[in-house]
1. So what is the relative contact order of the chain, in percent, for Cα pairs below 8 Å that sit 6 or more residues apart?
2. Just name one of Tyr179, Val147, Phe84: the one whose Cα is farthest towards the positive end of the charge dipole of the chain (beta-carbon charges, Lys/Arg +1, Asp/Glu -1).
3. Over the alpha-carbon set of the stretch 2-230, work out the extent along each principal axis and list the three values in angstrom, largest first.
4. What chymotrypsin sites (Phe, Trp or Tyr not before Pro) in the stretch 1-99 are in a loop by DSSP, with at most 16 other Cβ atoms within 10 Å of the Cβ?
5. Sum up the lysine pairs in the chain that clear both bars: alpha-carbon distance under 23 Å and a spacing of 8 or more or different chains.
6. Spelling out what I want: for every residue of the stretch 201-207, take phi, set θ = phi - 60°, compute 6.51 cos²θ - 1.76 cosθ + 1.60 (Karplus), and round to whole Hz; glycine and proline get x.
7. Under 12 Å from the Cβ of Ala29, count the other residues' Cβ atoms, weight Lys and Arg +1, Asp and Glu -1, and hand me the total.
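Each value in this text was obtained by applying a stated rule to the coordinates, not by laboratory testing. Given the structure is predicted, the values throughout are model-derived calculations rather than measurements. Cβ placement follows ideal geometry from the backbone for every residue including glycine, while neighbour counts extend to all protein chains displayed.
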Amino acid sequence: MVDIHSHILPMVDDGAESWEVAVAMVTMAGGDGVTHMVATPHANYEYAYERESHTALLEELQNRVGKDVQLILGCDFHFSYDNFEDALQHPHRYTIGNTRYLLIELSDFSVPPQISNMLFSLTSNRLIPILTHPERNPLLQRAPERVSEWVDMGMLVQLTANAFTGKWGKGVQKLANWYAENQLVHVIASDAHSASRRNPVLSEARRMVAKTYSEEFAKRLFETNPRAIINDERVLG
Ligand SMILES: [Fe+2]
């Protein structure tokens, strides 16, 4: 499996709090069948994002964990106007590796009124936005059909693995299944923050998705599509 969303870099945001935790998270993912993991530190009002220092940390982490799990740098990109402008100027400061794919996270408190224009600008600049965990966003929980409009504009959707297992509650679990039933999900990732509560285990959710829908669907969301993303290839709907 390939995990495109995780907070494994130590001491840079609210993810791994030490080198020990960072190493434990990658080791846990590897043991669970993950071959590639994208480290996605936050870029928001609380945490500054520095590509160079994050790259150095990623290399150090790769050295410490060995070659079993391949690490790639990405960003949990808060979709503020300032961030958006900077990404248009310097896309590979935030994308997953040097690909076209950019994770975007919406605020819990407001959706930018000009979001359609912002998405159009990204796709016009050959970037492919991937919306992170809409099933956990309080505004989109009340209006999930908005996501459908944005998917029609070329945006992809990433859901949280543990949303399917019920770790985020029944409401979030139901919404995750709503996205799956409506073919509005392209990839499932861990969004892991630690080796304990919000850990990087994907296999449990993969089993549930395979059982509820099909093995083919689970394979696409946990393997084929995230692998296409890190290889800068086209993602299947
Ligand atoms: Fe995240």
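1. On the way: 428 pairs, mean separation 50.5, N = 237.
Dividing the mean separation by the residue count of the chain yields 21 percent.
2. Positive-most Cα among the choices belongs to Tyr179.
3. Rounded to whole Å, the extents work out to 43, 43, 29 Å.
4. On the way: sites: Trp19, Tyr45, Tyr47, Tyr49, Phe77, Phe79, Tyr81, Phe84, Tyr94; in loops: Tyr45, Tyr47, Tyr49, Phe79, Tyr94.
Hits after loop and neighbour filter: Tyr45, Tyr47.
5. Numbers: Lys167/Lys211; Lys167/Lys219; Lys170/Lys211; Lys174/Lys211; Lys174/Lys219; Lys211/Lys219.
Taking the Cα cut-off of 23 Å, the pair count is 6.
6. For the stretch 201-207, the Karplus-derived couplings read 6, 10, 5, 5, 5, 4, 4 Hz, x marking Gly and Pro.
7. Values: positive: none; negative: Asp3, Asp32, Asp68.
Neighbour charge sum, excluding Ala29 itself: -3.
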